[in-house]
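The values are calculated or read from the model by the stated rules, or taken from the named source; none is laboratory data. From a predicted model like this one, the values you see are computed outputs, not experimental measurements. Here the Cβ positions follow ideal geometry from the backbone for every residue, glycine too, while neighbour counts run over all protein chains shown. The accessibility values were calculated without ligands, DNA or RNA, using every heavy atom of the protein model including side chains. Shrake-Rupley method; radii C 1.70, N 1.55, O 1.52, S 1.80 Å.
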Amino acid sequence: MRISEITRNTNETKITGKLDLDGYMTDKKLPGNIDTGVGFLNHMLVLFEKHGGLNLDIKCHGDLDVDCHHTVEDIGIVIGKMINEALGDKSGIKRYANATIPMDEVLVTVTIDLSGRPYLVFNADIPCEQIGEYDTEITEDFFRAVAFQCGMTLHINVHYGKNAHHIIECIFKAFARCLKEAASIDPTIKGVMSTKGCL
């Protein structure tokens, strides 16, 4: 089973997380136990879990009296670390994936290479600064944290859209579906999908 559990405590956040990349193969009912202290982020992670076919348990106590920045970014760090750990040596995974999905007026494409080389391209114009207590500009920092802690090359391109909620939700859904594909096992792949022999 491709499972990771991580606890990360700092002066700004205290986070416990568990990730099962193959949650769709278990009897556990989605959604999992997600409590970040930020309502909109909870919503995004629940749909990330559902569309990614995985199980995610995450609890965070952060310094929300300051703002949501540390909480959202640090959760991205933990999720990235858990994805990387759950992937193990990446033997047999497809490695590459691409997902383009619509949500009403929004169209988003996410492309992933589970290469071991962290990189983020984030092309998204989000038309408002805040959704509830969630600062929309932190979305880029969340995905940068995931990409760099996981060691993935991640390209996020919002082709068009007007509603900030729809844009961010579409990003999370496309990322989830893309990750599921890239992390899936292809029985025709022997070892890792690299001429270097490792990822």
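Give me Rg/Rg_expected for segment 44-97, where Rg uses Cα atoms only and Rg_expected = 2.2 N^0.38 Å with N residues.
Taking the Cα Rg and dividing by 2.2 N^0.38 Å, one obtains 1.37.
Asn163 to Ile189: extension gain in nm, 0.36 nm per residue of separation minus the Cα-Cα distance?
Length difference between fully extended and current span is 5.3 nm.
Add +1 for every Lys or Arg and -1 for every Asp or Glu among the other residues with Cβ under 14 Å from the Cβ of Lys190, and state the total. Intermediate values should be presented prior to the final figure.
Working: positive: Lys90, Lys94, Arg95; negative: Asp89, Asp186.
It works out to a net charge of +1.
If all Cα-Cα distances of the chain are sorted into 10 Å bins from 0 onward, what percent lands in each bin, rounded to whole numbers?
Once binned at 10 Å, the Cα pair distances of the chain give 9, 38, 37, 14, 2, 0.
Would you tell me the accessible area of Leu199, worked out with a 1.4 angstrom probe on the heavy atoms of the protein chains, in Å² to the nearest 10?
50
Cβ under 12 Å from Ala99's Cβ, Ala99 left aside: what net charge do those residues give with Lys, Arg +1 and Asp, Glu -1?
Value of the local net charge: +2.
Using only the alpha-carbon atoms, how far is helix 138-150 inclined from the longest principal axis of the chain? Give it as 0 to 90 degrees, nearest 10.
Value to nearest ten degrees: 20.
From the P(r) of segment 51-136, could you give the percentage of C-alpha pairs in the tail past 17 Å?
Tail fraction, whole percent: 65.
From the protein chains alone at 1.4 Å, what is the descending order of accessible area for Met44, Met103, largest first?
Ranked from most to least accessible, the order is Met103, Met44.
Please give the helix 39-52 orientation as an angle from the longest Cα principal axis of the chain, in degrees from 0 to 90, rounded to the nearest 10.
The angle comes out near 20 degrees.
Rolling a 1.4 angstrom probe over the protein chains, ignoring ligands and nucleic acids, what is the accessible area of His43 in square angstrom, nearest 10?
80
Go ahead and estimate [θ] at 222 nm for the chain from helices alone: -39,500 (n - 2.57) per DSSP H run with n ≥ 4, summed, over the residue count, rounded to 500.
-11000 deg cm²/dmol
What number do you get for segment 83-186 when its Cα radius of gyration is normalised by 2.2 N^0.38 Å, N = residues?
Numbers: Rg = 13.8 Å, N = 104, 2.2 N^0.38 = 12.8 Å.
Relative to the 2.2 N^0.38 Å estimate, segment 83-186 comes out at 1.08.
Heads up, I need the accessible area for Lys59: 1.4 angstrom probe, whole protein in place, Å², nearest 10.
Per-residue accessible area (Lys59): approximately 90 Å².
Between Asp35 and Glu12, what FRET efficiency follows from the Cβ-Cβ distance if R0 is 22 Å, with the result rounded to 0.05?
Values: r = 17 Å, r/R0 = 0.78.
That pair, Asp35 with Glu12, gives E of 0.80.
Of Arg2, Arg177, Arg144, Arg95, which has the most accessible area and how do the rest follow, probe 1.4 Å?
Result, largest first: Arg177, Arg144, Arg2, Arg95.
Per residue, how much accessible area does the chain have with a 1.4 Å probe, in Å²?
Averaged over the residues of the chain, the accessible area is 46 Å².
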